[in-house]
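This report concerns only the one structure given below.
Just so it is clear, none of the values below were taken in a lab; they were calculated from the coordinates. Keep in mind it's a predicted model, so treat the numbers as computed, not measured. With ideal geometry, Cβ positions are generated from the backbone for all residues, glycine too; neighbour counts draw on all protein chains shown.
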Amino acid sequence: MKRTTMAAALACLALPAPALAEGDLHLYIWSDYITDAAIDRFRAETGIDVTVDVYDSNETLEARLLAGSSGFDVVVPTADFLQRQVGAGVYQPLNRDLLPNASNMDAGLMARAASFDPGNEHGMIYMWGTTGIGYNIDMIAERLGSDYEVNSWALIFDPEIASKVADCGISFLDAPVEMIPAALAYLGRNPQSHEPEDLEAAGELLAQARENVRYFHSSQYIGDLANGETCVAVGYSGDVFQAAARAEEADRGVNVWYAIPQEGAVVWFDMLAIPSDAPNAENAHRFINFLMDPEVIAEITNYVWYANANRPSWPLVDAEITGDPAIFPTQEVMDRLFTLVPYDSRTDRIVTRLWTRVRTGQ
């Protein structure tokens, strides 16, 4: 569950005297995506002062990086964004000599990530997961029947079904790169397609679905699901599990869970990367290597409920997490997952126009 254990806190206090380094580290990371205990431990072990800033969309991160002189040393882009940002010269190659813990990374998952970054030259997997459906178990059963199984994008895209749950609140990610492939998968089209006619079809489906959507946001749904303010959210797997954990801790009778739609869903990789103009590149490598320590990343996974790619860490992760196929999918489910393919400039213009129409309803 989302927690920092007393044992972990005491372990931090009991660390031997560190070999202190000089300087700072500026981390720019998704909200609710790392533990205070991990940051404190890194400070204690290295003497490096860490400043953490957060964002809730890849677009926000990209705008900061493309503007230049961001001042950040380590950032965490999703792999498809990293791919196009590498092409713009945003990141420096990683120095493998400074990353001995890279040997802990699962070869199969790193190979998938390498489809975005050949040779994993610019990034290491931090966490990975899927984009699917978070839902309130009891609210859905009340409206659709106790025997209704949440296992399809039809819950949000079939107007006959979605209209029955709209009153308790449906939210979409404010991310066309996530929502358009989901729509294409539901339509039985190639979810990786950049063909204008496919994009238009997806845009039309999303525009029709909009009338049942309460809002578009890429992080608000965590708290709203946990509090029972909404009942359905297209969201990131770990975010939904965090919502489930919050709901359980609050003990107010809110039961939240997550489903990977049977039509297929996005599998994504959030990557640890170092901007080209990072002011503290050596400290950045030290931090990335620290995060690839099995004990460190296992504690973070136990907090965020996202799968990591660090194979030696998996026995240290709570069995409730590693044993859940919604977090660590079976091979059968993995075979139905697909990665995102970055849009070129032409496609970007089409997608921006379509998404504006979806968001505004015009």
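Quick notes on this one:
- Each 10 Å bin from 0 upward holds the following percent of the Cα-Cα pairs of the stretch 73-168: 13, 33, 15, 19, 17, 3.
- Radius of gyration and Dmax over the Cα atoms of the chain, both given in Å: 20.4, 63
- Remark on SER152: its backbone amide H falls under 5 Å from those of GLN262, a criterion applied only to residues 5 or more positions apart or on other chains, H modelled at 1.01 Å from N.
- Close amide H partners of ILE48, meaning residues 5 or more places away or on another chain with modelled amide H under 5 Å apart, are ALA21.
- Value at 222 nm in deg cm²/dmol, rounded to 500, when DSSP H runs of n ≥ 4 in the chain each add -39,500 (n - 2.57): -12500 deg cm²/dmol
- Farthest positive-ward along the chain dipole, Cα basis, beta-carbon charges - from GLN362, GLY123, ASN151: GLN362
- 3J(HN,Hα) from dihedral phi, the stretch 163-177, Karplus parametrisation 6.51/-1.76/1.60, rounded to Hz, x for glycine, proline: 5, 7, 10, 4, 5, 8, x, 10, 10, 10, 5, 8, 8, x, 5
- Counting only DSSP beta bridges with both residues in the chain, the antiparallel share comes to about 60 percent.
- Calculated on the alpha-carbon coordinates, the convex hull of the stretch 211-362 measures out at 173 cubic angstrom per residue.
- Taking the alpha carbon gyration tensor of the stretch 142-190, multiplying each eigenvalue by 5 and rooting it gives semi-axes of 21, 13, 8 Å, largest first.
- Whole-Hz ³J(HN,Hα) from phi, Karplus 6.51 cos²θ - 1.76 cosθ + 1.60, for the stretch 190-199, glycine and proline x: 5, x, 9, 5, 10, 5, x, 5, 5, 4
- Dipole magnitude (debye, nearest 20) for the chain, charges at Cβ of Lys, Arg, Asp, Glu: 340 debye
- Computed from backbone phi, the HN-Hα couplings of the stretch 279-294 come to x, 10, 5, 5, 5, 4, 4, 5, 5, 4, 4, 4, 5, 8, 6, x Hz, rounded to whole numbers (Karplus: 6.51 cos²θ - 1.76 cosθ + 1.60, θ = phi - 60°; Gly and Pro given as x).
- Size of charge dipole - the stretch 99-176 - debye, nearest 20, with Cβ of Lys, Arg +1 and Asp, Glu -1, no other charges: 200 debye
- Top positive-direction residue, dipole computed over the stretch 22-150 with Cβ charges, set PHE42, LEU65, ILE137: LEU65
- Each of the peptides 25-33, 97-105, 111-119 was scored by the mean count of other Cβ atoms within 10 Å over its residues; in descending order, highest first, they stand as 25-33, 111-119, 97-105.
- Calculated on alpha-carbon atoms, Rg and Dmax of the stretch 21-142 in Å: 16.8, 58
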